1. Just for the range B:123-141: of the residues that are in a helix (DSSP H, G or I) and surrounded by fewer than 24 Cβ atoms within 10 Å (Cβ to Cβ), which one is nearest to the chain's Cα centre (by Cα)?
2. Hey, residue B:40 hits all of (1) surrounded by fewer than 22 Cβ atoms within 10 Å (Cβ to Cβ); (2) at the interface with chain A (Cβ under 9 Å from one of its Cβ atoms) but one; which does it fall short on?
3. Looking at residue B:323, is it within 14 Å of another protein chain (Cβ to nearest Cβ), within 22 Å of residue B:16 (Cα to Cα) and either touching a residue at least 40 places away in the same chain (Cβ under 8 Å) or more than 15 Å from the chain's Cα centre (by Cα) (or both)?
4. Quick one: count up the residues across the range A:307-321 that are basic (Lys, Arg) and surrounded by 20 or more Cβ atoms within 10 Å (Cβ to Cβ).
5. Identify, by number, the condition in (1) part of a loop (DSSP other than H, G, I, E, B); (2) surrounded by fewer than 24 Cβ atoms within 10 Å (Cβ to Cβ); (3) at pLDDT 95 or above that residue B:2 doesn't meet.
6. State the number of residues belonging to the range A:265-320 that are under 18 Å from residue A:344 (Cβ atoms) and polar (S, T, N, Q).
7. It is to be established whether one or more residues within the range A:294-316 are in contact with a helix residue (DSSP H, G or I) (Cβ under 9 Å, 6 or more places away or on another chain), at positive phi and either at pLDDT below 95 or part of a helix (DSSP H, G or I) (or both).
Number of protein chains: 2
Amino acid sequence: MREVAIVGVGMTRFGELWESPLRNMFTEAALTAIDDAGVDHIDSMYVGAMSSGLFVHQEHIASLLADYLGVAGIPSTRVESACASGGLAVRQAVIEVGAGVSDIVLAGGVEKMTDGVDAIDALATAADQEYEAFHGITFPGLYAFIANAHMHRYGTTREQLADVAVKNHDHGSLNPKAQFPFKITREAVMNSTMVAWPLRLLDCSPVTDGAAAVIVTSMDVAEKLGRPIVKVLASGHATDGLALHSRTDPTTIPAVGRAAEIAFKQAGLTPEKIELAEVHDCFTIAELVVTEELGFVERGRSGEAVSSGETRLGGRIPVNTSGGLKAKGHPVGASGVAQIIEVVEQLRGSAGDRQVEGARIGLTQNMGGSGASCVVHILEGVS
Amino acid sequence: MREVAIVGVGMTRFGELWESPLRNMFTEAALTAIDDAGVDHIDSMYVGAMSSGLFVHQEHIASLLADYLGVAGIPSTRVESACASGGLAVRQAVIEVGAGVSDIVLAGGVEKMTDGVDAIDALATAADQEYEAFHGITFPGLYAFIANAHMHRYGTTREQLADVAVKNHDHGSLNPKAQFPFKITREAVMNSTMVAWPLRLLDCSPVTDGAAAVIVTSMDVAEKLGRPIVKVLASGHATDGLALHSRTDPTTIPAVGRAAEIAFKQAGLTPEKIELAEVHDCFTIAELVVTEELGFVERGRSGEAVSSGETRLGGRIPVNTSGGLKAKGHPVGASGVAQIIEVVEQLRGSAGDRQVEGARIGLTQNMGGSGASCVVHILEGVS
């Protein structure tokens with residue numbers, strides 16, 4: 001495998017984009033990325049989308065989107081792994097460029113969630129239909145199980161969960177692309193509508209429309225473009241059983257640990273070397289467990305770490321400087337790609353008010369369902 | 001890219017498998033392939049499925065199926081390109097092994113179509129939802145447009161269309177895995193229920209449940225296994241606009257020609273060197289146009305070629321010796337993988353009553369929608 005770089009990024013605003021069909025959102029993000037990279041063509045493309053079939057009754061979107069982007073003819077492949085679809089699209093592009101099959105590949109993600117069917121029902125298809133969803137449990141309930149177990153085992157508090165949302169909204173208030181670019185208080189979270197104990201409305205990421213895209217190239221191509229280069233040091237991917245009932249320890253998300261282990265090994269790094277991370281905070285408890293799985297904090301200490309400010313901008317390891325899924329929004333297929341974009345912006349030093357000063361190495365962690373799939377990338381700014 | 005081989009194959013019977021859920025079908029095919037290859041593990045897997053979301057309300061199936069196969073943990077990725085999803089799964093495995101990311105990859109396809117929603121509605125999501133499906137046109141109608149254009153331009157006859165179905169049922173009658181393992185007559189086709197002029201019921205491939213899987217390895221690994229080796233000489237992939245109205249010439253399917261051109265170039269071969277082919281006969285007219293796009297017959301001569309026996313077992317270039325989608329069945333995500341399996345069996349000399357004597361080089365052509373995506377593989381038996 002030859003070395004691979006990310007040289008262009010683009011995304012739509014995240015939110016309820018009533019005026020934008022799926023094809024338009026994707027095209028906007030993709031054209032922005034192509035323009036940002038300064039490339040005059042792409043060799044192929046990958047599209048991450050969780051369920052365009054259920055959300056907008058349209059499959060076969062890889063070909064559709066290549067056509068609307070004006071590149072009908074080139075290989076275009078959709079990948080799906082529920083909410084990890086975007087990270088997986090980037091991973092496939094990294095493999096294809098690394099293999100030398102292509103030199104310039106667009107990896108994008110998209111989801112149109114607000115203009116079709118019941119989003120909760122569609123999202124529940126990421127859980128085990130026969131053993132979970134059919135019986136009425138949806139994702140707030142599944143993550144509530146994890147939260148209860150974590151509180152019971154480690155004494156994690158309701159306030160600490162709230163502090164994840166407060167931090168991510170603080171960060172999101174600095175992000176003009178965010179669905180909810182405003183701050184919230186711990187009290188607002190604690191008093192918001194109960195969804196599934198202990199998770200309340202403001203513990204949950206929203207239903208969102210949006211698209212995001214990046215341009216993946218060989219280092220050779222990247223160097224010729226004369227734009228800032230962010231090198232892909234590692235791409236780790238792991239899976240686990242879909243149904244939460246088969247997890248031995250519900251306070252863990254083993255696929256995250258596995259994908260991270262693969263990625264750290266590939267990069268030859270340890271968690272201490274990571275200067276910022278975008279992680280999959282679909283619910284506040286998810287961010288806590290994930291920061292433990294990634295080795296940023298000791299097991300059981302994640303609640304304390306968020307409340308003491310270790311994971312906020314200016315802290316030891318800033319997590320979700322973009323606002324995360326919670327404040328930036330969560331158009332499921334696009335989220336993993338948008339994470340990459342935030343880290344690329346940070347490593348380029350172009351993250352504006354959210355900038356982590358001098359950041360050189362960042363990590364993204366994108367997962368599907370209650371953690372049955374996970375993709376971890378480690379990126380390094382080299383120019 | 002290093003050289004890549006297919007060393008194991010497995011599939012379920014195709015048909016209305018009421019007793020088999022999606023996860024069981026896939027596991028049966030995958031275990032058969034693993035056993036056939038004689039490998040003791042797989043490094044990763046790809047799953048092709050068109051719309052498990054609409055058909056059985058289950059997304060995130062790559063992780064689900066890895067778990068049910070007993071390999072939860074390994075990278076597992078679903079790819080989708082409508083009815084070309086299976087071919088694409090094989091292609092991604094070829095790229096991953098070729099890149100050296102993995103040595104042993106399972107590529108499978110699956111679709112459970114008979115036990116859920118209206119299959120015709122779900123299949124129509126492979127067409128352009130905004131400009132085609134929403135207005136009521138489904139695939140028989142789209143292919144009827146192509147058939148009418150071909151008849152008008154080249155004088156292709158209703159009888160020649162029927163002869164595609166007759167030939168493929170003749171072949172399918174020799175295939176114990178086929179959904180319809182029996183012969184039909186030209187008269188039966190000509191008198192079957194009208195669906196969309198000129199296409200009648202027996203011009204259409206059926207709605208089918210089924211799964212298929214192959215094991216893709218490096219040549220190094222393949223040689224150590226001591227089983228018959230089939231080398232992947234080429235993997236071509238191309239796209240086109242989803243909506244038929246944007247096609248300049250409706251008697252052509254340009255993505256097929258493009259994918260074939262890429263594949264022939266990679267393999268360093270011309271169409272004359274291909275000794276048998278499995279092609280995407282979702283409707284009788286599709287097989288006719290595809291055999292022209294692949295260069296097996298001159299443009300406009302495909303109807304004459306089928307009626308004169310050029311494309312039947314014993315003919316110049318046997319097409320769809322398995323029975324094709326028409327008689328073997330068309331579980332959409334699995335079809336592209338099942339095509340590969342038929343060609344592998346032929347190149348191993350183990351195709352039984354359907355054997356093309358001494359066949360050494362074969363081709364598969366799998367496409368999505370009305371031809372907006374196409375994957376072409378060229379395979380060579382080397383031991």
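The values are calculated or read from the model by the stated rules, or taken from the named source; none is laboratory data. Quantities reported herein were computed from a predicted structural model and do not represent experimental measurements. All Cβ positions, glycine included, derive from the backbone under ideal geometry; neighbour counts span all protein chains shown.
1. This residue is B:140.
2. (2)
3. Spelling it out, it is not the case that residue B:323 is within 14 Å of another protein chain (Cβ to nearest Cβ), within 22 Å of residue B:16 (Cα to Cα) and either touching a residue at least 40 places away in the same chain (Cβ under 8 Å) or more than 15 Å from the chain's Cα centre (by Cα) (or both).
4. First, pick out the residues of the range A:307-321 that are basic (Lys, Arg): A:312, A:316.
Within this subset, residues satisfying the condition of being surrounded by 20 or more Cβ atoms within 10 Å (Cβ to Cβ) are A:312.
Residues in the range A:307-321 being basic (Lys, Arg) and surrounded by 20 or more Cβ atoms within 10 Å (Cβ to Cβ): 1 in total.
5. The failed condition is (3).
6. Within the range A:265-320, residues that are under 18 Å from residue A:344 (Cβ atoms) and polar (S, T, N, Q) number 1.
7. No: the range A:294-316 contains no residue that is in contact with a helix residue (DSSP H, G or I) (Cβ under 9 Å, 6 or more places away or on another chain), at positive phi and either at pLDDT below 95 or part of a helix (DSSP H, G or I) (or both).
Residue-by-condition table, conditions (1) in the same structural domain as residue A:243 (by TED's automatic domain parsing); (2) in contact with a His (Cβ under 9 Å, 6 or more places away or on another chain):
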residue	(1), (2)
A:146	yes, no
A:156	yes, yes
A:159	yes, no
A:165	yes, no
A:168	yes, no
A:191	yes, no
A:217	no, no
